[in-house]
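Written out below as structure tokens is the structure these notes cover.
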Amino acid sequence: VLRASHHPRFYQKVRSSPRWGYAPAASGCTGAHPDRRGRSAMPAQHDNDPFLTPAPGAMGQRREPEKSVSAASLALQPWLCFTFIVLLYVLLYHHVSILVNFFVLVVIAMALGMIFARSGAMGFLLLVAAMMAALMGLVAYQTYLRPYWACREYRAYTNVLPTESADGHADAGKITFTRGTRVDTSRAVGFKNRHTYCVAPVMDETSNGRAEFWAAGMDCCAAREDMWCGDVRKEGARSGIVLLPEPSIFDHWVPSDMEMYNRAVKLAAAQYELTTPTDPVFVQWVADAEEGQAAFAWGALYFFIIASIVYLVFSCMAGFVASVVSRPNGPRKG
């Protein structure tokens with residue numbers, strides 16, 4: 001059949017067949033007239049025939065070109081999207097987290113719609129910007145803003161003896177201990193599990209081997225008897241910002257930081273013969289609790305500025321590359 005279709009007589013029969021509309025036009029005849037190249041044109045009655053009409057994108061038809069966007073738009077619009085979403089996490093996530101997450105999902109849905117609407121370059125860059133902004137916003141919140149709001153919303157205790165019950169200070173956000181309180185770095189322990197989880201008991205002269213409060217930090221101590229977390233080595237420091245547990249969907253598979261700190265406390269209690277409660281209070285040791293709270297706010301601001309500048313550089317590079325790649329090609333010759 002294929003060989004027959006390439007035979008010259010096959011084309012002669014097809015061109016002369018009235019069924020396909022290629023018969024030469026004659027007087028009193030409704031056949032098709034030949035075009036400028038001498039070929040018979042298809043009659044109008046076959047224009048809407050789905051079997052004779054080429055499908056979109058088939059041979060002989062050009063696809064609709066992707067909408068061209070300037071490199072400046074490809075760079076600035078994703079950067080503005082990134083900056084605005086990170087700012088939402090910094091300012092509003094603590095109070096209206098559901099609305100912030102919903103807004104991010106809306107932006108992602110719009111970016112996907114642009115990709116399927118032949119604005120692939122802009123849609124892809126907006127999608128990357130929204131996802132990166134959500135990630136950076138969560139990092140900023142967990143690292144800086146969550147402790148900051150804990151200091152503001154939880155109770156502040158002053159003149160606390162290190163021998164007082166930890167259970168009586170379970171609602172603490174900031175604790176200022178009595179004069180003479182210190183972190184006993186000679187009884188510090190570092191528990192290694194990917195990171196080094198460091199703990200040391202908060203004690204005074206009347207503690208008698210009982211440790212209700214523990215200074216804690218990550219990757220800031222030796223395996224034993226040395227620690228430099230926060231202001232532990234600062235003379236006269238006697239305040240702590242309480243470390244709160246961070247619930248996560250991965251708690252069933254990955255141990256949380258609090259669980260690692262508790263393991264380090266059990267190791268220190270066994271090695272140094274200390275008495276400690278089941279749920280001790282962990283604090284980040286600082287010289288002044290108010291200054292420590294303000295440091296979290298400034299840290300969030302610096303994080304936002306640095307992330308915005310870094311993403312601006314990345315967005316300019318990505319926008320230039322995307323503008324070159326998505327530039328429509330000129331018509332092919334021949």
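Of all residues in segment 179-224, those satisfying the criterion of being touching a residue at least 60 places away in the same chain (Cβ under 8 Å) and not in a strand (DSSP E or B) are R187, A188, G209, A211, E212. Considered as a group, the residues in segment 301-313 that are over 21 Å from D219 (Cβ atoms) and of a type outside the set (V, I, T) include one that is most open to solvent (accessible area, probe 1.4 Å), and that residue is L301. Residue pairs whose Cβ atoms lie under 7 Å apart, separated by 6 or more positions or on different chains, with the first residue in segment 161-174 and among the hydrophobic types (A, V, I, L, M, F, W, C) and the second in a loop (DSSP other than H, G, I, E, B), are L161/T178; A166/E212; A166/P277; A166/D279; A166/P280; A172/Y154. If you go through segment 84-95 and keep only what is open to solvent by less than 30 Å² (accessible area, probe 1.4 Å) and within 22 Å of S119 (Cα to Cα), you end up with just I85.
Contact map, segment 61-83: first residue farther than 13 Å from G123 by Cα and open to solvent by 40 Å² or more (accessible area, probe 1.4 Å), second residue at pLDDT 70 or above and basic (K, R), Cβ cut-off under 7 Å, separation 6 or more or different chains; pairs are E64/R118.
Can you tell me which residues in segment 171-189 are in contact with a helix residue (DSSP H, G or I) (Cβ under 7 Å, 6 or more places away or on another chain) and over 14 Å from V283 (Cα atoms)? It would help to see each step written out before you state the result.
The initial filter retains those residues of segment 171-189 that are in contact with a helix residue (DSSP H, G or I) (Cβ under 7 Å, 6 or more places away or on another chain), namely 173-176, 187, 189.
Within segment 171-189, R187, V189 meet the criteria.
When the residues of segment 200-223 are filtered to those that are surrounded by 14 or more Cβ atoms within 10 Å (Cβ to Cβ) and in contact with a Lys or Arg (Cβ under 9 Å, 6 or more places away or on another chain), the one that is modelled with the lowest pLDDT is D204.
Picking from residues in segment 109-136 that are over 14 Å from L74 (Cα atoms) and over 12 Å from the mean Cα position of the chain (by Cα), the one that is surrounded by the fewest Cβ atoms within 10 Å (Cβ to Cβ) is F116.
With respect to the conditions (1) at pLDDT below 95; (2) assigned to a helix (DSSP H, G or I); (3) under 28 Å from F320 (Cα atoms), T143 falls short on a single one, namely (3). Search segment 137-161 for residues being within 11 Å of V90 (Cα to Cα) and open to solvent by less than 50 Å² (accessible area, probe 1.4 Å), and hand back the single one that is farthest from the chain's Cα centre (by Cα). For segment 137-161, the residue satisfying everything is L145.
The values are calculated or read from the model by the stated rules, or taken from the named source; none is laboratory data. Bear in mind that the values here come from a model prediction, so they are computed numbers and not experimental data. In this analysis, Cβ positions are derived from the backbone assuming ideal geometry, glycine residues included, and neighbour counts consider all displayed protein chains. Ligands, DNA and RNA are stripped out before the accessible areas are found, and what is left, the full protein with its side chains, is counted by its heavy atoms. Shrake-Rupley method; radii C 1.70, N 1.55, O 1.52, S 1.80 Å.
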